[in-house]
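First comes the structure, then the notes that go with it.
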Amino acid sequence: MRGIALAVSLLLLAGCASAGPTTVAGVAHELRQRGVDPASVVVPFEVTDEMHTWVHSQVPDSGSPEQRLELLLTAIVSADGLGLTYEGGSTSTAREAFASRKANCLGFTSLFVGLARELGIPAFYLGVDDVERFERDGDLLVISGHVSAGFGMGGGKIKILEFTEAPKAEYRHIRRLDDLTAIALYHSNHGAELLRAGRLNEALPWLRKAVVIGPELGDAWIDLGVGLRRAGDLAGAEAAYRKALEVNPEGAAAYQNLAALLRLRGHSKEADDLMALSTRASGQNPFSYLALGDLSLSQGRLDEARRFYRRAMWLNRDDPEPYAALGLAALAGGWSRGSPRKPSRGNPREEHEIAHAAPDDERPGADGLRQHHGGRGAGGGGERRPRRALPGQRHAHHGERLHQRRRAGAAPGLQALAGGAGPLRSQPAALPAQPHR
């Protein structure tokens, strides 16, 4: 087996999500808090009594956590142990991987996390934002992300488990995933697999459940949008894509899928503006949220604009811009006596305050639009704010993306597709006469 190794990363995880509940009972409690029946949810890292007995027979209770993790890894992959082998395809749970002795990287991560916790070692899922692969599947483009397992070593260091045949990469952007996010990734990935197999009616319940379990998981909203569009629910798909942008404005897939849908529905100007914003988007940059809020405000979606502005304020409370923007949103509500509407184009004052275009030095050139699938295209928090309603340029891509995680784990959207994880994007030429993505 090539490419299986434990590596130490010195990347700091300060500010990342906590590991969350580490027991099935803890997960059940968290699910109930979100209004989800635990009995209706698949917990991918849950282990059986047989697995509990096996892991304790393979790994002694003595020794450091690092030594015991090394022994666990050896027991999982060695021929005289579990003999697990890599197999792309559908994403498995820990139970399924243990029974079949085969797993893709998300399945392996679930198995490793579940067994490590049985040993009393609080391993967790890691999302890796540096790695993406692209694969055409009919009229869909699958963008595959990467997930692996990690263990905190103290001092901001983590030990990263790799289970892939690809050469080991130096990761710069990793994030610790809490258990509910990992569960949501599994459901989203499984829904994506069903969607790719043409089983739309079976896919939708999984995709819907994913966003309930992980409402802050942008990729899950993207995948749900793809499913709803294929089901003919264009309004529902648009709402899902907008939610994806709200929770994570740094991913190109939400911009591209929403822009394609808006263009299909005759809103080419807003589609162009979205694609212009996508080149400078960043989930940690408050100005990304301000720019998205400006665009929502210019289109009369006041509640959506306020949510973007509040996120910008949360990221940078010392900046007066979000407060001023919230004031403009309140003023816009007053103009319409409480009901959202677009600012009138005949009022020069309104035009200047609400739909002010970007200065010339901030406008992207004709060839300036790029897809930043890693979401790192924007500068730091000190960059100039892209002002209201950017004119933008028409983007070459008009299809959808479905997020999946195949390679070592789960992914942001359709995580956990065998062999890769990422968003699916359909190409316009392949669209049916009556779009139903």
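At a glance:
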| quantity | calculated |
| --- | --- |
| Lone qualifier among LEU295, LEU277, LEU234, LEU245 - being crowded, with 20+ Cβ neighbours inside 10 Å, out of contact with any strand residue (DSSP E or B) (no Cβ under 6 Å at 6 or more places or on another chain) and modelled with pLDDT of 90 or more | LEU245 |
| Number of positions in region 314-329 that are modelled with pLDDT of 85 or more and either within 23 Å of the chain's Cα centre (by Cα) or farther than 25 Å from ALA244 by Cβ (or both) | 3 |
| Residue match in region 20-39 (condition: among the small types (Gly, Ala, Ser), more than 18 Å from PHE108 (Cα to Cα), buried (at least 17 other Cβ atoms within 10 Å of the Cβ) and modelled with pLDDT under 90) | yes |
| Qualifying residue in region 347-362 (condition: assigned to a helix (DSSP H, G or I) and at pLDDT 50 or above) | no |
| Residue identified as more than 28 Å from LEU224 (Cα to Cα), of a type in the set (Gly, Ala, Ser) and either surrounded by fewer than 24 Cβ atoms within 10 Å (Cβ to Cβ) or at pLDDT 75 or above (or both) among ALA123, ALA182, ALA149, ALA97 | ALA123 |
| Qualifying residue in region 281-289 (condition: part of a helix (DSSP H, G or I), surrounded by fewer than 24 Cβ atoms within 10 Å (Cβ to Cβ) and either modelled with pLDDT under 80 or not hydroxyl-bearing (Ser, Thr, Tyr) (or both)) | yes |
| Those residues of region 43-81 which are free of Cβ contacts under 8 Å to residues at least 12 places away in the same chain, under 30 Å from HIS29 (Cβ atoms) and either surrounded by 12 or more Cβ atoms within 10 Å (Cβ to Cβ) or among the polar types (S, T, N, Q) (or both), in sequence order | THR53 |
| Residue satisfying condition, being over 24 Å from PRO44 (Cα atoms), of a type in the set (A, V, I, L, M) and out of contact with any Gly (no Cβ under 8 Å at 6 or more places or on another chain), within set LEU228, LEU264, LEU194 | LEU264 |
| Any chance GLY15 is closer than 30 Å to VAL212 by Cβ, exposed (fewer than 15 other Cβ atoms within 10 Å of the Cβ) and modelled with pLDDT under 90 | yes |
| Only one of ARG95, ARG117 that is in a helix (DSSP H, G or I), touching a helix residue (DSSP H, G or I) at 6+ places or on another chain (Cβ under 9 Å), of a type in the set (Lys, Arg) and in contact (Cβ under 8 Å) with a residue 12 or more places away in the chain | ARG95 |
| Count - residues of region 84-106 that are under 25 Å from the mean Cα position of the chain (by Cα) and either of a type in the set (A, V, I, L, M) or under 13 Å from LEU161 (Cβ atoms) (or both) | 5 |
| Subset tally (residues that are at pLDDT below 75 and out of contact with any Leu (no Cβ under 9 Å at 6 or more places or on another chain)) for region 152-168 | 5 |
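Yes/no per residue for (1) farther than 18 Å from SER298 by Cα; (2) part of a helix (DSSP H, G or I):
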{"residue": "GLY198", "(1), (2)": "yes, no"}
{"residue": "GLU202", "(1), (2)": "yes, yes"}
{"residue": "ASP219", "(1), (2)": "yes, yes"}
{"residue": "ILE222", "(1), (2)": "yes, yes"}
{"residue": "ALA239", "(1), (2)": "no, yes"}
{"residue": "LYS243", "(1), (2)": "no, yes"}
{"residue": "ALA254", "(1), (2)": "yes, yes"}
{"residue": "LEU261", "(1), (2)": "yes, yes"}
{"residue": "LEU277", "(1), (2)": "no, yes"}
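The values are calculated or read from the model by the stated rules, or taken from the named source; none is laboratory data. From a predicted model like this one, the values you see are computed outputs, not experimental measurements. Because the Cβ atoms are built from the backbone with ideal geometry, glycine has one as well, and the counts that use them run over all protein chains shown.
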